[in-house]
Amino acid sequence: MNPLLRISDEISACRACPRLVNWRETVAREKRSAYADDDYWGKGVPPFGDPYGRVIIVGLAPAAHGANRTGRMFTGDRSGDWLFRALHRAGFANQPQSVRRGDGLELTGAFVTSPVKCAPPANKPTTEERDTCRPFLDRELAVVDGRVFVTLGAFGFAAVCAYFADRLPPGPKPKFAHGVEVSLDTDPAAWILGSYHVSQQNTFTGRLTELMLDDIFTRARQLAYPD
């Protein structure tokens, strides 16, 4: 079996964190009124995209009524709307809409994942939950052909820095900031590229604009696909 398919199957079946399992399944039963007729996924959410893509997008965790409902990363919520519109403009997605699995959305050159695979209450996983889930992300990063790791928020930035701990530049530990670039000691060359998360808190307040997000993915393409 393809290693990413094996990892995806294990993620969907994982019940290692009782609090997360209880929350994701409670949300899937009680639902939001707008999605009352939907059949919620209610399980761990596997990664999504081009397994050979050089741009790896790392978020935080599935949203309760987004990926926890649809079963696909960043699909079915406002954050995903922002992300996939930007990926479409940058040439990584064949369409700007992200509605449900099977809606025709395909990524080329990009792969989307997260450090925590289940929707956490208040979008805040505990340290123990983060550490329990870490092997999934580590295994994914070990088999993808990533050259640029676009981290959406400080949580994803820290997770990717932890994975590449022995490949970081010498000196102080890198600090998250929007637009920060960390050059990794790898062959072929690779980078960590920080971006504010596409959360409604950031997009509604203007902390993250579409132009800022476009600049991130333009830079990611320049680094990942220089030719």
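Annotations for the structure displayed:
- Helix 3-13 and the longest principal axis of the C-alpha atoms of the chain enclose an angle of approximately 30°.
- Karplus-derived 3J(HN,Hα), 6.51/-1.76/1.60, for each residue of segment 137-153, Hz, glycine and proline x: 5, 4, 5, 4, 5, 6, 10, 7, 9, x, 10, 10, 10, 7, 9, 8, x
- Gaussian network model of the chain, Cα within-10 Å springs - most flexible of PRO51, PRO172, PRO18: PRO172
- The alpha carbon centroids of segment 41-63 and segment 89-114 are separated by 11 Å.
- Percentage of interatomic Cα-Cα distances in segment 3-224 larger than 25 Å: 34
- By the Stokes-Einstein formula, at 1.002 mPa s and 20 °C, segment 134-227 with its Kirkwood radius over alpha-carbon pairs has D equal to 154 µm²/s.
- Cα centroid separation, segment 188-225 to segment 119-154: 17 Å.
- Contour excess over end-to-end distance, with Cα ends at THR186 and ASP215 and 0.36 nm allotted per residue: 8.0 nm
- Among GLY80, ALA165, LEU184 the positive-end extreme of the charge dipole of the chain (Cβ point charges): GLY80
- Checking the cross-link pairs LYS117/LYS175; LYS124/LYS175; LYS31/LYS175 against a 28 Å limit on the alpha carbon distance flags LYS31/LYS175 as lying beyond it.
- In degrees, nearest ten, helix 78-89 long axis to first principal axis of the chain (Cα): 40
- 222 nm mean residue ellipticity, helices alone, for the chain (DSSP H n ≥ 4; -39,500 (n - 2.57); rounded to 500): -11500 deg cm²/dmol
- Backbone HN-Hα couplings from phi across segment 122-135 [Karplus 6.51/-1.76/1.60, Hz, Gly and Pro as x]: 6, 6, 10, x, 7, 4, 5, 5, 4, 5, 5, 7, 3, x
Read-outs throughout are calculated quantities, based only on the coordinates presented, and are distinct from any laboratory measurement. A quick note: this is a predicted structure, and the numbers were derived from the prediction, not measured. In this analysis, Cβ positions are derived from the backbone assuming ideal geometry, glycine residues included, and neighbour counts consider all displayed protein chains.
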